[in-house]
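Notes follow the structure.
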Amino acid sequence: MPTMAFWLRLCRPRKIRIPGREFRVKAGNRREFLCTIAAGVTAVPALATALFSKSEPMLQTVLGATALSKLNITLMHEHVLVDFVGADQVRRSRYNPEEVFKAVLPHLRRIRELGCRTLIECTPAYLGRDPLLLKKLSEASRINLVTNTGYYGAANYKYLPAHAHSESAEQLARRWTTEFEEGIEGSGIKPGLIKIGVNNGPLSDMDRKLARAAAKAHRATGLTIASHTGNGTAALEQMSILKEEGVQATAFIWVHAQNESAHELQVRAIEQGAWLEFEGFGAASLEKQAQRLKTLIDLGYISRILISLDAGWYRVGEPGGGQFRSYAYFFTNLLPALRKIGVTEEQIQRLIRKNPREALS
């Protein structure tokens, strides 16, 4: 039989969180609620409803939580701004946010005209992530923008802060969880995704630590893990680490899966439950990549596939931000190419609407 001390510990005031929502329960109300349960009395109806009713899944955007059902057409992997100078030198003072805003806004407004309503901005911390810039762009374009937490270890760790080398996976996960709970850098803007990057497999100790940290942060926040992944070996190793940490493969997005030429590794990842994300579609490779995508669809794997461009990229340090790759290519070139080779309209709608919602839920 539970002791009185047990019930009193339960009755302490606390926050009750689910991804995208938070309930703060006062001590008196919680005591009334829990102690009536202990006594076998019907619980306070209003509080019971608030705590246990099934709420609509939410996603954190830079403007706050929004219902996943409202995402509509979604680009799963794009960039607004990147700075490749390295983690030890990256600074917001290296660019003028107003200039970036003016350069990027027309591209966002254009894809809204084409039907897009949500864009996942995958630039990590120490590589140019700027949540306040994203917030301003989201307000002006009326596009849902989603930012991320996590660290990018690919490119041989050039974009990792010094503390990432010395801290444990638990310490890194706590940093990322804090951003989800309190907001990024005091902005109040919360991430909707965990984004990491690893090199080719076999994974190094650092890469394994990043994957383990992402798993621990996922368990604390419920955020999906998207990992820039060098090859199929690295993808499968990360999935093994996630499994060790009690995280299902359905919470893992293999970013840049199109770069793996070994079809059997893609199939192994899908059959374990992972999401395969195909981006990088360009003029030189569009037909080939579209056909490889259709092969997986024809094999019955459409329910585990995501598509995007990995476009944009206002490049800090280049005149005018360099050559910005328009997001509109997704609508003007990629989708027509898929239709041309026989991908049905129903399948396309699944790829651009339903699958993103499920991957982010």
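Listing for the model above:
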| read-out | value |
| --- | --- |
| Members of the stretch 129-159 that are part of a loop (DSSP other than H, G, I, E, B) and open to solvent by 10 Å² or more (accessible area, probe 1.4 Å) | R129, D130, R142, Y151, A155, N156, Y157, K158, Y159 |
| Inter-residue pairs, beta-carbon under 8 Å, first among the acidic types (D, E) and in the stretch 218-238, second modelled with pLDDT of 95 or more, 6+ apart | E237/G201; E237/P202; E237/L203; E237/R208; E237/A211 |
| Tally, over the stretch 250-292, of residues that are in a helix (DSSP H, G or I), open to solvent by less than 20 Å² (accessible area, probe 1.4 Å) and under 13 Å from T224 (Cα atoms) | 1 |
| Subset of the stretch 106-128 (residues that are of a type outside the set (A, V, I, L, M, F, W, C) and open to solvent by 50 Å² or more (accessible area, probe 1.4 Å)) | P106, R109, R110, R112, E113, R117, Y126 |
| Yes/no for W313 being assigned to a strand (DSSP E or B) and either in contact with a Gly (Cβ under 7 Å, 6 or more places away or on another chain) or open to solvent by 20 Å² or more (accessible area, probe 1.4 Å) (or both) | yes |
| Conditions (1) surrounded by fewer than 24 Cβ atoms within 10 Å (Cβ to Cβ); (2) more than 13 Å from A220 (Cβ to Cβ); (3) touching a residue at least 40 places away in the same chain (Cβ under 8 Å); (4) not acidic (D, E): number failed by S166 | (3) |
| Filter pass, L306 being open to solvent by less than 50 Å² (accessible area, probe 1.4 Å), assigned to a strand (DSSP E or B) and among the aliphatic types (A, V, I, L, M) | yes |
| Evaluation of L296 against (1) in contact with a strand residue (DSSP E or B) (Cβ under 7 Å, 6 or more places away or on another chain); (2) part of a helix (DSSP H, G or I); (3) buried (at least 21 other Cβ atoms within 10 Å of the Cβ) (one fails), failing number | (3) |
| Which numbered condition T178 misses (of (1) under 20 Å from D310 (Cα atoms); (2) among the hydroxyl-bearing types (S, T, Y); (3) within 18 Å of the chain's Cα centre (by Cα)) | (1) |
| Residue in the stretch 204-216 that is at pLDDT below 95, in a loop (DSSP other than H, G, I, E, B) and open to solvent by 10 Å² or more (accessible area, probe 1.4 Å) present | no |
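The values are calculated or read from the model by the stated rules, or taken from the named source; none is laboratory data. Remember, predicted model here, so these are calculated numbers, not experimental data. Neighbour counts run over all protein chains shown; Cβ positions are idealised from the backbone, glycine included. Areas reflect the complete protein model, heavy atoms only, side chains present, ligands, DNA and RNA absent. Shrake-Rupley method; radii C 1.70, N 1.55, O 1.52, S 1.80 Å.
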